[in-house]
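Remarks on the structure that follows.
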Amino acid sequence: MPEVVIIIPARKGSKGIKNKNLKKLYSKPLIYYSIKASLSVNINKRIFVSTDCNKIAEYSKSLGVEIISRPNYLGKDKVIIDDVINHSYRFLKSKFDFQPKYILTVQPTCPLVSKNDISKALTLLKKNSRVNTIISITPENHLFWIEEKNKLVKLYKDRVNRQQLPKMYKEIGSVIACTKEQLKKGTRFGKNIDFLKIPNNRSIDIDNINDFKLCELILKKKL
């Protein structure tokens, strides 16, 4: 059995865009890009799509990956991805007696993810035995405010030019990797975290139609 599993979580529901994971992005369904990047990684691995949608399952299988049928309760809006990945890992253990050492999550809403991103995340996780989680991040320097008790509160000390702000990063879903030992604790996110930096121009996490349009422009330029 390979020591690596890549899990692509793809539910049928979506608040922002109807049938988002199957919506065509530059002539291909959105989920195509994360599956293609995962298949291209030159490592011994198994790839599963966790879904509650027959159409997503059929399309994903046609590209050469395996399917984990997600229970309906794990397809609701408020369900966190950790719960989906934990369910997937339990399924692999009970169905195939497959307990991979490294678990990588690649989200279909980040279609600009590359095979190199996935490979680098795994390399970072393997090279330091103390690290139990890899999170993909991207630079995001702005003057941010947060809402607390119906009031906006600033998250910065001084008003300066953006270039003078302390370096800030936004977590994105391109790749999140963790060890088997960490996932057994119920969450992918341990205390010892390392980071995979993704360039801002490939960090789009599709949530609305404007994200789709921007991503299409980038893909057209790239291809």
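Semi-axes of the equivalent ellipsoid for the chain, computed as √(5λ) from the eigenvalues of its C-alpha gyration tensor and ordered from largest down, come to 28, 22, 18 Å.
Listed by chain and number, the aspartates and glutamates placed with their C-alpha closer than 16 angstrom to that of Lys20 are Asp52, Glu58, Asp77, Asp205, Asp207, Asp211, Glu216; residues fewer than eight positions away on the same chain are left out. Exceedance of the 31 Å cut-off in Cα-Cα distance is limited, within the set Lys78/Lys151; Lys184/Lys221; Lys78/Lys170; Lys115/Lys191, to Lys184/Lys221. Rounded, prolate or oblate: pick one for the stretch 84-129, where a ≥ b ≥ c are the square roots of the eigenvalues of its C-alpha gyration tensor, a/c under 1.5 means rounded, and failing that, prolate if a/b is larger than b/c, else oblate. Because a/c hits 1.5 or more and a/b fails to exceed b/c, the stretch 84-129 counts as oblate. With Cα atoms as the point set, the radius of gyration and Dmax of the stretch 115-183 evaluate to 16.7, 45 Å.
Compared with the direct C-alpha span, the chain from Tyr169 to Lys127 gains 12.8 nm at full extension, assuming 0.36 nm per residue.
Within the chain, antiparallel bridges make up roughly 45 percent of the DSSP beta bridges whose residues both belong there. Exceedance of the 18 Å cut-off in Cα-Cα distance is limited, within the set Lys28/Lys220; Lys167/Lys197; Lys167/Lys213, to Lys167/Lys213. Taking a quarter of the surface of the Cα convex hull of the stretch 31-71 gives a mean projected area of 2.7 nm².
The trypsin sites (Lys or Arg not before Pro) of the stretch 155-223 that DSSP puts in a loop, and whose beta carbon has at most 16 other beta carbons within 10 Å, are Lys157, Arg159, Lys167, Lys184, Lys185, Lys191. The order of Leu214, Leu112, going from fewest to most other C-beta atoms within 10 Å of their C-beta, is Leu214, Leu112. For Ile67, the residues whose amide H sits under 5 Å from its own are Val49, ignoring neighbours fewer than 5 places away on the same chain, with H placed 1.01 Å from N.
Annotation: amide H of Arg188 has no partner in the under-5 Å range at sequence separation 5 or more or interchain, hydrogens built in the peptide plane.
In this simple spin-label model, placing a label point 7 Å from the Cα along the Cα-to-Cβ direction at both Asp207 and Asp158 gives a separation of 3.1 nm. Between the stretch 2-34 and the stretch 149-223, what is the C-alpha centre distance in whole Å? After rounding, the separation between the Cα centres reads 18 Å. Each residue, Lys23 and Glu148, gets one label point 7 Å from its Cα in the Cβ direction; the gap between the two is 3.5 nm.
Computed from the coordinates by the stated procedures, all read-outs in this text should not be read as laboratory data. Source: prediction; values computed, not measured. All Cβ positions, glycine included, derive from the backbone under ideal geometry; neighbour counts span all protein chains shown.
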